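Scroll down for the structure; my scribbles are underneath it.
The values are calculated or read from the model by the stated rules, or taken from the named source; none is laboratory data. Fair warning: this is a prediction, and the values are worked out from it, not measured in the lab. Cβ placement follows ideal geometry from the backbone for every residue including glycine, while neighbour counts extend to all protein chains displayed.
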Amino acid sequence: MSKDQEEWISRPDDLQNAVYKALTHPHRRTVLRCVAARQSPVSVDRLASEVAAAEDGVTVAEVTDERRTAALVALVHLHLPELDRAGFVRWDREPGHVASTSLLAEIAATPVSGSVFDPFPAPSAGTG
């Protein structure tokens, strides 16, 4: 966790609010499912394709360029900054990679994670 994140969530109420705010949006939950399903960092472009596929119920290969671009814009301008700030993902903006954090791994491993990440399933291995 970065020093900024430590300062921002220095009080328990701040951490709880950050978690709730990050998990409130269904698109962010989809992003978290996609990132949590990976063992290594993913490019923002690939993540946009996976998120669009999961949300639309199609394979990554079936995602249109227009839909991928819309998902990419939402990721970069809305969802990744919020998820990074809350400590769920580590977003390295310069090379454009997103990785899971220990906080996300801990949440994904809890029995409640199915309800946290619903309604979208994690991308299957057969997607694109």
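Give me the pairs: first residue in the range 34-60 and in contact (Cβ under 8 Å) with a residue 60 or more places away in the chain and hydrophobic (A, V, I, L, M, F, W, C), second residue part of a helix (DSSP H, G or I) and loosely packed, with under 15 Cβ neighbours inside 10 Å, beta-carbon distance under 9 Å, and six or more apart or on different chains, which are they? Sorted first by the residue in the range 34-60, then by its partner, the pairs are Ala36/Ala105; Ala53/Ala61; Ala53/Glu62. Selection of the range 61-85 for residues being more than 28 Å from Leu103 (Cβ to Cβ), free of Cβ contacts under 8 Å to residues at least 12 places away in the same chain and of a type in the set (A, V, I, L, M, F, W, C) yields an empty set.
So which residues in the range 28-78 are of a type in the set (Ser, Thr, Tyr) and surrounded by fewer than 23 Cβ atoms within 10 Å (Cβ to Cβ)? Ser40, Ser43, Thr59, Thr64, Thr69 - these are the residues of the range 28-78 that are of a type in the set (Ser, Thr, Tyr) and surrounded by fewer than 23 Cβ atoms within 10 Å (Cβ to Cβ).
Checking the structure you have, find out if any residue of the range 22-42 is touching a Gly at 6+ places or on another chain (Cβ under 7 Å), modelled with pLDDT of 95 or more and among the hydrophobic types (A, V, I, L, M, F, W, C). Lay out the reasoning, then the answer.
Our first condition is that a residue be touching a Gly at 6+ places or on another chain (Cβ under 7 Å); within the range 22-42, this holds for none.
Among the residues of the range 22-42, not one is touching a Gly at 6+ places or on another chain (Cβ under 7 Å), modelled with pLDDT of 95 or more and among the hydrophobic types (A, V, I, L, M, F, W, C), which makes the answer no.
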